[in-house]
Amino acid sequence: MTEQAGLPARKAALAIISGVLRSKRPLDSLLDSTRGLSRRDASFARAVASGTLRHMGILEAVLRRFAPRSPEPHRAGATSEILLLGACELLILEVPAHAAVDAANWLAAGDSKAVHFKPLINAVLRRVAKEGEAMLGELDLARLSLPDWLWHRWKKQYGEKIARAIAQVQQMPPPLDIVLKNGGDAFPQSAPLVGAVRRLEDAGRIEELEGFEEGAWWVQDVAASLPVLLLGEVNGRRVVDLCAAPGGKTLQLAARGANVVAVDVDAARLERVRANLLRTRLSAQLILGDARDMKVPAPLVLIDVPCSATGTIRRHPDLPWIRGAADVTAAAARAYEILEQGAAMVAPEGMLVFAVCSLEREEGEEQIEAFLASHPDFARMPVTAVEMFGHADWITPRGDLRTLPCHLAEQGGMDGFYAARLRRN
């Protein structure tokens, strides 16, 4: 019996899903494992793994109808993951039933524990193939796409209507946004969004797109491009960019003529910033170090703090399943330390922009309220709709920037970001 076509891709997808769900490893760090596959297999492995995580709550609900009790992992090995991958192939990727079910049986045969559950896997996936699509119409897909901890948070913070809108847009694979270095012609062909940001619906391999090698653009979500604009005119001025990696804001600042000092604690990620600066023929001073230890005075300081990143779930569908409320609390505490240190660097009459790609108030709005309450030498500078290209709905009642994934929904959504602009008296 010869090995089924596409099995290497499915083995890779299974390893990725197991790494995420069992070891809580980030999806991005595991996708590199597909590099040894053919382009077709690598693409399919990524699609299956990402699709499973993006729709995992929904897939689990379907599988529970046919297997109410999940096999215990210590006895069943990768059985649960194999079922999830098979259900994703059938219901999300619409792979022919015989191919998806046979592939699941092959995967089970290769696992010393899951092999004993092949009859269950076969029976459940055959029922999913026959009845699963009709069942989707009976389920609350938006609610099921989020784990309980995140659903209840967003419902409390934003109301159920917005929580549902966010969940719905996150079920779709995100488009790719690029920022044009000189704001000129589109490289490659793309649709304009705001300012120098353009959107591609079907990007393919980024390195092969027109203008990549020439450094005509870089990848950056439209929401992530907005905090830099709050600094105003930066040409010729010194700007400290704390927690700079992966570097989109550093590139923005350098392209606008700023004298950028980019700081990050992760050496590998800082090398990515360096590589992108070289590719785009832009320059910045790079410093490897913890932002909480920095003492680099400047008139302008930008802080994009590490966080739970719940605003980026469109791009990182693993996040809801590997993080929890405790991660939000820990990230908020670390972020406040960085905010305090960054504020100390701001020169008199200087400006501080604090940004975070989280939807959680503890990491955004509450940080700034606590900071202003204890730092009378700083005052909020409200963001205007003109600065946000007329999008008044991106501005909070207190004048801060707050984008949601459901903003620009008709064009594919955007990342969730919070940013506040403060001036030192």
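The values are calculated or read from the model by the stated rules, or taken from the named source; none is laboratory data. Just so you know, these numbers come straight off a predicted model, no measurement behind them. Ideal geometry is used to build each Cβ from the backbone, glycine not excepted, and the neighbour counts take in all protein chains shown. Side chains included, ligands, DNA and RNA excluded: accessible areas come from the protein's heavy atoms. Shrake-Rupley method; radii C 1.70, N 1.55, O 1.52, S 1.80 Å.
At a glance:
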{"read-out": "Rg and Dmax of segment 227-372, Cα atoms only, in Å", "value": "15.0, 44"}
{"read-out": "The chain - mean residue ellipticity at 222 nm from DSSP helices (-39,500 (n - 2.57) per run, n ≥ 4, rounded to 500)", "value": "-13000 deg cm²/dmol"}
{"read-out": "Of Ala267, Ala108, Ala97, the one that fluctuates the most in a GNM where the chain has Cα springs shorter than 10 Å", "value": "Ala267"}
{"read-out": "Compactness of segment 196-243 as Cα Rg over 2.2 N^0.38 Å, two decimals", "value": "1.44"}
{"read-out": "Inter-part distance where segment 30-97 and segment 147-218 are each reduced to a Cα centre, Å", "value": "25"}
{"read-out": "5 Å binning of all Cα-Cα separations within segment 30-184, expressed as whole percents from 0 upward", "value": "1, 9, 16, 18, 18, 15, 11, 7, 4, 2, 1, 0, 0"}
{"read-out": "Rg over Rh, two decimals, segment 152-261 (C-alpha only, Kirkwood Rh)", "value": "1.04"}
{"read-out": "Residues with amide H under 5 Å from that of His391, placed H, sequence gap 5 or more", "value": "none"}
{"read-out": "Eligible lysines near Lys118 by straight Cα distance, threshold 25 Å, same-chain separation 8 or greater", "value": "Lys11, Lys130"}
{"read-out": "Whole-number Å³ per residue for the convex hull built on Cα positions in segment 324-367", "value": "64"}
{"read-out": "Segment 131-176: mean projected area of Cα convex hull, nm²", "value": "4.1"}
{"read-out": "Cβ-Cβ FRET estimate between Ala379 and Val296, R0 fixed at 25 Å, reported to 0.05", "value": "0.65"}
{"read-out": "Furthest towards positive pole of dipole, Tyr158, Leu30, Val197, structure part the chain, Cβ charges", "value": "Leu30"}
{"read-out": "Segment 1-99: radius of gyration over Cα atoms, expressed as a fraction of 2.2 N^0.38 Å", "value": "1.05"}
{"read-out": "Integer Hz, Karplus 6.51/-1.76/1.60 couplings in order for segment 268-279, x for Gly and Pro", "value": "5, 5, 5, 5, 5, 4, 4, 5, 5, 5, 5, 5"}
{"read-out": "With every protein chain in place, the chain: carbon and sulfur % of accessible area (1.4 Å)", "value": "52"}
{"read-out": "Stokes-Einstein D in µm²/s, Kirkwood radius over Cα pairs - segment 290-402 at 25 °C with 0.890 mPa s viscosity", "value": "162"}
{"read-out": "Kirkwood hydrodynamic radius of segment 164-224, from inverse mean 1/r over distinct Cα pairs, in Å", "value": "12.2"}
{"read-out": "Cβ-defined net charge surrounding Pro71, 15 Å radius [Lys, Arg +1; Asp, Glu -1]", "value": "+2"}
{"read-out": "Å² per residue, accessible surface of the chain at 1.4 Å", "value": "44"}
{"read-out": "Whole-Hz ³J(HN,Hα) from phi, Karplus 6.51 cos²θ - 1.76 cosθ + 1.60, for segment 64-77, glycine and proline x", "value": "5, 5, 9, 9, x, 10, 5, x, 5, x, 5, 9, 9, x"}
{"read-out": "Tail weight of P(r) past 13 Å, computed on alpha-carbon pairs of segment 220-296, percent", "value": "62"}
{"read-out": "Solvent accessible area, Å² - His55, 1.4 Å probe, full protein context", "value": "20"}
{"read-out": "Residue-level accessible surface for Asp32, protein heavy atoms, 1.4 Å, Å²", "value": "80"}
{"read-out": "Cβ charges +1 (Lys, Arg) and -1 (Asp, Glu), total dipole of the chain, debye", "value": "600"}
{"read-out": "Residue-wise HN-Hα coupling along segment 149-161, computed from phi with Karplus coefficients 6.51, -1.76, 1.60 (Hz; x: Gly, Pro)", "value": "4, 7, 4, 5, 5, 5, 4, 6, 6, 10, x, 5, 4"}
{"read-out": "Rg/Rh ratio calculated on Cα atoms of the chain (Kirkwood radius)", "value": "1.00"}
{"read-out": "Rg/Rg_ref, segment 84-176, where Rg_ref = 2.2 N^0.38 Å and atoms are Cα", "value": "1.36"}
{"read-out": "Selected from Val234, Leu253, Leu180, residue furthest toward positive end of dipole (segment 173-272; charges at beta carbon)", "value": "Val234"}
{"read-out": "Point-to-point label distance, Ala186-Gln168, nm (Cα→Cβ direction, 7 Å offset)", "value": "2.6"}
